[in-house]
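Enquirer: Provided herewith is a single structure, encoded as C-alpha cells, for subsequent inquiry.
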Amino acid sequence: MIKTLGYAAKSATAALGEFAFERREPGALDVQIEILFCGVCHTDLHQVRNDWKGSNYPIVPGHEIVGRVVKTGGGVKKVKIGDAAAVGCMVDSCRACRNCKDGMEQYCEKTSIFTYNSPDKHSGGLTYGGYSERIVVDEAFVLKVPEKLDLAATAPLLCAGITTYSPLRHWKVGEGQRVGVVGLGGLGHMGVKFAAAFGAEVVVFTTSPGKKADALRLGAHEAVVSKNADEMKAQAGRFDFILDTVAANHDINAYLALLKRDGTLTLVGAPPEPISVTGFQLIGKRGSFSGSLIGGIQETQEMLDFCGARGIVSDIETIRMQEINAAFERLLKSDVKYRFVIDMKTLKK
Ligand SMILES: [Zn+2]
Ligand SMILES: [Zn+2]
C-alpha cells in the first residue's frame, strides 16, 4: 500500500483538513499518477456538506485531476511513465451493460464508480478523490493530456469541460445556430468557449450585469441580463439550443420561451426543487427539455484532444491546499473566475 496525504472532510459540518490514507499498489492494468493540480467543482462542496444526502465520511473530494504518471502496471498500454495524465469524475463502471459498451460509462446501468465517495472494490472502503498527493486508477479510466496545454488550467476540463462539451456535441451545435448559455460560472464559461469554437452564435444569460463584458471576452456574441424583462423578450423564439448551467432554482419557462421550433433546452445543473414546466411552451414549438451528465471516457478524451488542437482551457484562480475552506465560502457566493484549481505541491507545506 502507498501512504498518501490528502485533505478530507470528516463530517458535513467539519472544515477540510489533513487526512492520511493509503492507495493500492498499482495492479497489472493500473496507473499511478502524482497529482499536480485538482479543480474545485461545486459538487465537491455539495458532497462535503451532504447537500444531496448519501455522503459517506471521510470524504476526500476532487474529480478534476491532472498529474504525471509515475508508475504503471505490466499490462498498461495507454500511458507511460512521465506522461501528463488526467482523471475525471469516474474511476470505474460495470463495463458490461449497454451504456458502458456504448462508451457512456456515466450512464452505467449497474453503477458508475465515482472518483470519490463511491464504494471501492479494491480497498473495501470508499474511493478518495484528487485533493491528495496521488491516485491509482485503472488505465481504462485514465485520460491523456495534450502536452501543450497549461496543466493547471486543464484540470477543470475533466468535469466542467466535459459536462458542457458532451451535450453541445450530442445536440450537434454548430455553425448557423443560435445557442444560449444560461449562467456564467465554472460550467457556463466552458459552455461559451465550446459553443463558440463549434461555430455557433453564442448568447450568455446572466443575472449579473457586471459579467456582460466577460461573456464577450470569453467568446459570446451577446450577453443578456436575465432579470431585464425587455432584454429577455427581445430573445423570444430565437434559439436552436440552450444549455442551462444554473444549479439554483429558477424559472425554466422563461428560457423555453426563447426556443425556436424544434429547439432543445438541456440542463446540466441540478436545481434542488422539482421544476415546473408549462406544457404549452413545449407543445407550441415541438420543443424538447432534457438533461445531460458529464461524458464517457472516449468522449472525454476527444474533448481533451479538441482542446489541445484549439488551445482551449479553463479560466482559473490557483489556490494553495490550505486555502480550500475559504475557497468553498467564496464558491458559495459565486466569487470565482471561473474555477479554483488547487496547486497540489502546496499540500505538504
Ligand atoms: Zn464536477
Ligand atoms: Zn455499466
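No lab work stands behind these numbers, since they all come straight from the coordinates. For clarity, every value in this text was computed on a predicted model and none was experimentally measured. For neighbour counting, all protein chains shown are included, and Cβ atoms are generated from backbone atoms with ideal geometry for every residue, glycine included.
Enquirer: What list of whole percents do you get for P(r) of the chain, with Cα-Cα distances grouped in 10 Å bins up to the one holding the largest distance?
Expert: Percent of pairs per bin, in order: 6, 26, 34, 24, 10, 2, 0.
Enquirer: What angle do you read, to the nearest 10 degrees and between 0 and 90, between the alpha-carbon axis of helix 186-197 and the longest principal axis of the chain?
Expert: Approximately 70 degrees, to the nearest ten.
Enquirer: Once the other residues with Cβ under 12 Å from the Cβ of Glu231 are scored (Lys, Arg +1; Asp, Glu -1), what is the net sum?
Expert: So the environment of Glu231 carries a net charge of +1.
Enquirer: Per residue of segment 204-220, in order, report the coupling 6.51 cos²θ - 1.76 cosθ + 1.60 (Karplus, θ = phi - 60°) as ³J(HN,Hα) in whole Hz, putting x for Gly and Pro.
Expert: 9, 10, 9, 7, 9, x, x, 8, 4, 5, 5, 4, 5, 4, 6, x, 6
Enquirer: While we're here: Excluding Leu126 itself, what net charge comes from residues whose Cβ is under 14 Å from its Cβ, given Lys and Arg +1 and Asp and Glu -1?
Expert: +1
Enquirer: Scale the Cα Rg of segment 230-332 by the rule-of-thumb value 2.2 N^0.38 Å and send over the ratio, two decimals.
Expert: 1.39
Enquirer: OK, next. Based on Cα positions only, what radius of gyration and what Dmax would you give for segment 161-291, in angstroms?
Expert: 13.2, 36
Enquirer: Something else now. Once you keep just the Cα pairs under 8 angstrom separated by 6 or more residues, what percentage relative contact order results for the chain?
Expert: 18
Enquirer: To continue, here is another question. Quick one, what does Rg over Rh come out to for segment 310-349 if you take C-alpha atoms and the Kirkwood Rh?
Expert: For segment 310-349, the value is 1.04.
Enquirer: Skipping prolines and chain starts, which residues have an amide H placed within reach, meaning under 5 Å, of the one on Thr318, given they are 5 or more residues away or on another chain?
Expert: Hits under the 5 Å cutoff: Val341.
Enquirer: Continuing with this model, one more query. Please work out the Cα convex hull volume for segment 72-116 and give it in Å³ per residue.
Expert: In segment 72-116, the Cα hull volume divided by residue count equals 99 Å³.
Enquirer: Please work out the ratio of the alpha-carbon Rg of segment 89-248 to 2.2 N^0.38 Å and round it to two decimals.
Expert: Its radius of gyration relative to the 2.2 N^0.38 Å reference: 1.23.
Enquirer: Further, regarding this structure: When you have a sec, figure out the Kirkwood radius of segment 1-125 from all distinct Cα pair distances and drop it here in Å to one decimal?
Expert: Hydrodynamic radius (Kirkwood, Cα pairs) of segment 1-125 is 15.7 Å.
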